[in-house]
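The values are calculated or read from the model by the stated rules, or taken from the named source; none is laboratory data. Fair warning: this is a prediction, and the values are worked out from it, not measured in the lab. Note that each Cβ is placed from the backbone with ideal geometry, even for glycine, and that neighbours are counted across all protein chains shown. Each accessible area value is taken on the protein alone, full model and side chains, heavy atoms only, with ligands, DNA and RNA left out. Shrake-Rupley method; radii C 1.70, N 1.55, O 1.52, S 1.80 Å.
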Amino acid sequence: VQQKASCFPAVALAPPPGAHVIDGCAAPGNKTCHLAALMGGRGSVVAFEQDARRHQLLKEQMALKGATTVTTVHGSFLDAEPQDYAHVTHILLDPSCSSSGMSTSPVRDPAGIAALAAAQKTLLLHAMTFPSVRAIVYSTCSVYDEENEMVVRDVLRAQSRFILAPALPWWPRRGHLLSGGDDAVACLEAKTIARRVVRTLYPDDATIGFFLCRFVTKEHGVGGDGPY
């Protein structure tokens, strides 16, 4: 059983049958086996987990659920060499976050939130170096802009290969509008990000507070409402 919002990332990534996928922050494995199920048991999923106890739990869950296309790796996704996974086409990243969308005692310290956001950006930029990756979904159970829209904005500015695609366009609750000040380009960027990302709100949406977005390469990109 998962929260409704926790089912969104695999659906947003939408890897087709036969795809090769990485789940970069996998344990306990609910999203991992959801990916394998969406692919109809065809293709492959490599699931990374650096904590030994959680990696053992991940292995046990994949065996219990019969997710035979999943290979687990006890290690950090950041240590994965992109050329060793040159066949991978899709990446899911649901990294450590403040848990501010679901916890009664989330990370509230600004320095702690900043550290989490820095780590999240590092993971995303690493994912974008994998040569055949065409789609990346990033998600958090955070309600803070610093871990969500601001991470998206900073990642878009830090590289030029990936753009932001509309995620789950049927879902009505979209992102927060970051301040662009008097800068017209920054205002356009903020509006585009807000339109294309997804949020859920507790209790209004009958699930936890959650965020996700979908990056795609420019050759697999979208048009229509802005350059991002």
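Per-residue accessible area (protein heavy atoms, 1.4 Å probe) orders 126, 74 as 74, 126, starting from the largest.
Compare 98, 160, 44 in a GNM of the chain, Cα atoms joined below 10 Å, and give the one with the largest fluctuation. Of 98, 160, 44, the Gaussian network model singles out 160 as fluctuating most.
Quick one: grab the alpha carbon gyration tensor of the range 1-59, order the square roots of its eigenvalues as a ≥ b ≥ c, and give me rounded if a/c is under 1.5, else prolate or oblate depending on whether a/b is larger than b/c. Spell out each step's value before the answer.
Values: a/c = 2.15, a/b = 1.32, b/c = 1.63.
Oblate, because a/c is 1.5 or more while a/b does not exceed b/c.
Contact order, relative form, for the range 97-228: 30 percent (alpha carbon pairs under 8 Å, 6 or more residues apart, mean separation divided by residue count).
With a cut-off of 8 Å between alpha carbons and a minimum separation of six or more residues, what is the relative contact order of the chain in percent?
19 percent
How much mean residue ellipticity at 222 nm does the chain get from its helices, if each DSSP H run of length 4 or more adds -39500 (n - 2.57) and you divide by all residues, to the nearest 500 deg cm²/dmol? Present the calculation step by step, with values, prior to reporting the outcome.
Numbers: 6 runs with 70 residues, N = 228.
So the calculated ellipticity at 222 nm is -9500 deg cm²/dmol.
Using a probe of 1.4 angstrom, how much of the accessible area of the chain is carbon and sulfur, in percent? Accessible surface attributable to carbon and sulfur in the chain totals 54 percent.
Surface analysis of the range 18-84 yields an accessible area of 48 Å² per residue, using protein heavy atoms and a 1.4 Å probe. In the elastic network of the chain, a GNM with C-alpha springs shorter than 10 Å, the most mobile of 115, 36, 190 is 115. Looking at the chain as a GNM with Cα springs under 10 Å, which of 119, 63, 27 has the largest mean-square fluctuation? Between 119, 63, 27, it is 63 that shows the largest mean-square fluctuation. Placing pseudo-labels 7 Å out from each Cα toward the beta carbon at residue 195 and residue 177 gives an inter-label distance of 1.3 nm. Lys-Lys pairs in the chain that are eight or more residues apart or on separate chains and whose Cα atoms lie under 23 Å of each other come to 8.
Find the percent of Cα-Cα distances in the chain that exceed 28 Å, and round it to a whole number. In whole percent, the long-distance tail amounts to 25.
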